[in-house]
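Only one structure is covered here, and it is reproduced in the block below.
The values are calculated or read from the model by the stated rules, or taken from the named source; none is laboratory data. Nothing here was measured: the structure is a model prediction, and the numbers come from that model. Cβ coordinates were reconstructed from backbone atoms using ideal geometry, including for glycine residues, and neighbour counts include every protein chain displayed. Note: accessible area is taken over every heavy atom of the protein model, side chains too, but ligands, DNA and RNA are not part of it. Shrake-Rupley method; radii C 1.70, N 1.55, O 1.52, S 1.80 Å.
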Amino acid sequence: MKKLLLAILPLFAVVTLVAQPANDDCSTAQALGPLPTPAACPTGTGAALNIAGSLATATSPNPYIYMNNCSGTSTSMASPADDVWYTFVATGYQLQVNLTGTVVNPNIAMYSGTCGALGGGVGGCTVGNANGTASLIVNQMVPGTTYYIQISNNAASAGGNFNMAISNSIDCNNCMIGSLLTPNPLPVNGMYTLGQVVNFCFTINYCIHMCIYTWVVTNSL
């Protein structure tokens, strides 16, 4: 009689573990520190800080944080979507973020406050185009204040890589940097005589232009 040998082979399950980005959540946002300080007016611009990032292994947290009333190709960010987070300290009154890469319709959102209470105060969002570019400008920032940036895609598990250029600036078009009132001649012992003609030149020094106003005073002060 022949014997039947039954071979039992062990079955192994192959599991591939994919690491999430370190900045996958607001609480673990990548700290960029203070942004490059803007130059003084009349230029008022700051150097751009370039950051390489990826959404390839990012996840979508629950509950998901997003914004409406955005600029760009849509008024609302996709929700839910994979996202990564950054935090920085403002050094100017205006923020500009430019995104390029392979993320389809990338979303950029900026928040004030803390991770547990985002959205208060200055903020803004934009939805980029299918070519992977997006731009966001936020005004009325407070230098020395910490803000958060959220980069996400148009749908969960869409992935993509990106480069983020972020900079602070000063809007020199609406910036008065000083003023000066100059009398000619100067008073003697703090006084002028009756009928003396005095020219007062009030100089308002703006970031880009200067306005000068002159009054002639014919009465004693």
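Element breakdown for segment 73-196 at a 1.4 angstrom probe: carbon and sulfur atoms account for 54% of the accessible area. Less than 5 angstrom separates the built amide H of GLY72 from those of VAL127, all sequence-distant by 5 or more or on a different chain. Counting charges near PRO21 (Lys, Arg +1; Asp, Glu -1) among other residues having Cβ under 13 Å from its Cβ returns a value of -4.
For THR102 and ASN129 in one chain, what is 0.36 nm times their gap in residues minus the Cα-Cα distance, to one decimal in nm? Here the answer is 8.7 nm.
A simple rule links phi to the HN-Hα coupling: the Karplus curve 6.51 cos²θ - 1.76 cosθ + 1.60 with θ = phi - 60°, which for segment 124-139 gives x, 8, 8, 10, x, 9, 5, 7, x, 10, 7, 9, 9, 10, 10, 9 Hz, with x for Gly and Pro.
Residue ranges 33-42, 124-133 sort as 124-133, 33-42 when ordered by packing (mean number of other C-beta atoms within 10 Å per residue, highest first). Our coupling estimate for segment 83-96, obtained by passing each phi through the Karplus curve with A = 6.51, B = -1.76, C = 1.60 and θ = phi - 60°, is 8, 10, 10, 9, 10, 8, 10, 6, 10, x, 9, 10, 10, 10 Hz, Gly and Pro reported as x.
Treating r as the C-beta distance of CYS115 and THR73 and R0 as 30 Å, the FRET efficiency rounds to 0.60. Normalised per residue, the accessible area of segment 38-180 is 44 Å², obtained with a 1.4 Å probe and no contribution from ligands, DNA or RNA. Under 5 Å from the amide H of THR91 lie the amide H atoms of LEU35, GLY144, each residue being 5 or more positions distant or on a separate chain, with H modelled from the backbone and absent for Pro and chain starts.
Proximity of backbone amide H atoms, modeled 1.01 Å from N, is registered between ALA155 and ASP82 at under 5 Å, excluding neighbours fewer than 5 places apart on the same chain. For segment 34-50, backbone phi angles converted through the Karplus equation (6.51, -1.76, 1.60; θ = phi - 60°) give residue-by-residue couplings of x, 6, x, 5, x, 5, 5, 5, x, 7, x, 9, x, 5, 7, 9, 9 Hz, Gly and Pro being listed as x.
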